[in-house]
Amino acid sequence: MRVIGLMSGTSYDAVDAAAADLELSGADGTLHLTPLGMVSAPYPADVREALAAALPPAQTTLADVCRLDTRIGQAFSAAAARADRELCAGRAELVASHGQTVFHWAEDGRVHGTLQLGEPAWIAEGSGCPVVSGFRPRDVAAGGQGAPLVSLVDLMLLRGRPGVPAALNIGGIANLTVLPAAGEPLAFDTGPGNALMDAAVREVTGGRLAYDEGGAIAAAGRVHEPLLRRLLAEPYYRLPAPRTTGKELFHAGYLREHLADCGDGTPAPQDLVATLTRLTARTVADALRPLGATEVFVSGGGVRNPVLMGMLRDELAWATAVRPSEELGLPAAAKEAYAFAVLGYLTLHGLPGNAPRCTGAGGPRVLGSLTPGSRPLRLPEPPVRAPHALSVREPAGG
């Protein structure tokens, strides 16, 4: 089956569309994924500005939510149509849309609700394909955190590897999945990935820059140890797994509050960005170290920051090998979009898409809602059993 996965993360910088051929082998329970490539397009400037203005802790209106739901859906629709045209030769059979998370209602260690915008009817209308969307709410309704949902795909990729392998995604928020040699797997959000770094860069450049390209600002600075200690005192880091967070906590206002406590010792702009870069590396390493991870495969936008990756390797030196997700067959920039293509495939086939031990849900659940495309909807026959492993194949001619 040819599937397009759509993803826009907590950095909300672009919509990514990854296409894959997926085939389930009944003999050994392996799902084979052949990557067909990824296309990416930034949100239109007015949509990005409206989204930034509506996100917590800002106030918004239902009119704004309606407009964003429509405009984000249209942006996702354009990405799906382009991916079908450029990557699938017009033969896509399914679109899986994560949508744009705008609020994740987490309180007292529990998630009570979650909201993703990007009306799937626009995607179905524009692509002609059936669309699976709204993956997170079913896991939340079953008592789970609703995140990280990619943990099921991570586990399928990591099974069979020696030692204690882990998968780490550094987007706006960083999340990881760990497969111990014995015992149950774990997955949770470690804390801010790029969220606080991006917020600081926008602040210190007056909005001229959205992120620290190539880690250039952090590379020119030094870590401000007193600020780092205050930031590491955040109670979230001591919550037990499974746990999840978002920009509802780690936003520009959070950063301003901690900077106000610095008094006359407020760090220089480059030192601030260096400190926040070290914070991300330290909190990821602190999460991995007690789990005994022997290798970690990294994906997400943070991979493009060599200073962050250097700090992460430094924090994990002598214990954990840091590797790009390409070594598992999936490009770092596209891994999450491919993961949602897999989750959409599972939903269409009536198979669970969550890992209850990782999200805390009461059991396996088929995730999401299905919006029909332009053709009569015919659901495939459910397989006898769900896939246990994910194998990434080389594309033809690759």
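Residues that are open to solvent by 40 Å² or more (accessible area, probe 1.4 Å) and farther than 13 Å from Ala199 by Cβ: find the helices (runs of 4 or more DSSP H) completely inside the stretch 221-294 holding 2 or more of those. If you could, list the steps in order and put the result at the bottom.
Working: elements: 225-232, 252-260, 269-288.
Once the helices (runs of 4 or more DSSP H) in the stretch 221-294 are filtered for at least 2 residues that are open to solvent by 40 Å² or more (accessible area, probe 1.4 Å) and farther than 13 Å from Ala199 by Cβ, what remains is 225-232, 269-288.
Checking Arg48 against (1) modelled with pLDDT of 95 or more; (2) part of a helix (DSSP H, G or I): exactly one of these is not met. Which one?
Against the list (1) modelled with pLDDT of 95 or more; (2) part of a helix (DSSP H, G or I), Arg48 comes up short only on (1).
Among the residues of the stretch 51-70, which ones are at pLDDT 95 or above, surrounded by 11 or more Cβ atoms within 10 Å (Cβ to Cβ) and more than 18 Å from Val15 (Cβ to Cβ)?
Answer for the stretch 51-70, where residues must be at pLDDT 95 or above, surrounded by 11 or more Cβ atoms within 10 Å (Cβ to Cβ) and more than 18 Å from Val15 (Cβ to Cβ): Asp64, Val65, Cys66.
Do you know which of the residues in the stretch 329-363 that are open to solvent by 30 Å² or more (accessible area, probe 1.4 Å) and on the phi < 0 side of the Ramachandran plot is nearest to the chain's Cα centre (by Cα)?
Here the answer is Glu336.
When the residues of the stretch 364-398 are narrowed to those that are open to solvent by less than 30 Å² (accessible area, probe 1.4 Å) and assigned to a strand (DSSP E or B), which ends up farthest from Asp28 (Cα to Cα)?
Out of the qualifying residues, it is Leu390.
Residue by residue, here is whether (1) under 29 Å from Ala81 (Cα atoms); (2) under 18 Å from the mean Cα position of the chain (by Cα); (3) β-branched (Val, Ile, Thr) holds:
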site	(1), (2), (3)
Val111	no, yes, yes
Glu119	yes, no, no
Trp122	yes, no, no
Gly128	yes, no, no
Pro137	yes, yes, no
Val140	no, yes, yes
Pro148	yes, yes, no
Leu152	yes, yes, no
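Kindly indicate the residue of the stretch 170-190 that is in contact with a Gly (Cβ under 6 Å, 6 or more places away or on another chain) and open to solvent by 10 Å² or more (accessible area, probe 1.4 Å) and also farthest from Tyr345 (Cα to Cα) among those meeting that condition.
Only one residue fits best here, namely Ile173.
Within the stretch 138-168, restricting attention to residues that are open to solvent by 10 Å² or more (accessible area, probe 1.4 Å) and touching a helix residue (DSSP H, G or I) at 6+ places or on another chain (Cβ under 6 Å), which residue is farthest from Lys335 (Cα to Cα)?
Among them, the one singled out is Gln145.
Select from the stretch 37-48 the residues that are touching a Phe, Trp or Tyr at 6+ places or on another chain (Cβ under 9 Å) and either touching a residue at least 40 places away in the same chain (Cβ under 8 Å) or open to solvent by 40 Å² or more (accessible area, probe 1.4 Å) (or both) and list them in ascending order.
Within the stretch 37-48, Met38, Arg48 qualify.
Quick check: anything in the stretch 123-137 free of Cβ contacts under 8 Å to residues at least 40 places away in the same chain, over 30 Å from Ala89 (Cβ atoms) and open to solvent by 30 Å² or more (accessible area, probe 1.4 Å)? First the steps, then the outcome.
Applying the first criterion (free of Cβ contacts under 8 Å to residues at least 40 places away in the same chain) to the stretch 123-137 yields 137.
Cutting the leftovers down to over 30 Å from Ala89 (Cβ atoms) gives us 137.
Retained after the next criterion (residues that are open to solvent by 30 Å² or more (accessible area, probe 1.4 Å)): 137.
Yes, because at least one residue in the stretch 123-137 is free of Cβ contacts under 8 Å to residues at least 40 places away in the same chain, over 30 Å from Ala89 (Cβ atoms) and open to solvent by 30 Å² or more (accessible area, probe 1.4 Å).
Can you name every residue in the stretch 2-22 that is modelled with pLDDT of 95 or more, more than 16 Å from Ser127 (Cα to Cα) and surrounded by fewer than 22 Cβ atoms within 10 Å (Cβ to Cβ)?
Asp21
Regarding Ala317, is this residue within 24 Å of Met197 (Cβ to Cβ) and open to solvent by less than 30 Å² (accessible area, probe 1.4 Å)? Outline the logic, then answer.
Working: within 24 Å of Met197 (Cβ to Cβ): yes; open to solvent by less than 30 Å² (accessible area, probe 1.4 Å): no.
Taking the combined requirement at face value, the residue does not satisfy it.
If you go through the stretch 51-89, how many residues are farther than 23 Å from Ala199 by Cα and assigned to a helix (DSSP H, G or I)? Break it down into steps so the answer makes sense when it comes.
We begin by selecting, within the stretch 51-89, every residue farther than 23 Å from Ala199 by Cα; these are 61-63, 66-67, 69-71, 73-89.
Then keep just the ones that are assigned to a helix (DSSP H, G or I); that gives 62-63, 66-67, 69-71, 73-87.
Qualifying residue count, the stretch 51-89: 22.
The values are calculated or read from the model by the stated rules, or taken from the named source; none is laboratory data. Because the structure is predicted, anything quoted here is derived from the model rather than measured. Cβ: placed from backbone, ideal geometry, glycine included. Neighbour counts: every protein chain shown. Protein only, heavy atoms only, side chains kept; ligands, DNA and RNA dropped before computing areas. Shrake-Rupley method; radii C 1.70, N 1.55, O 1.52, S 1.80 Å.
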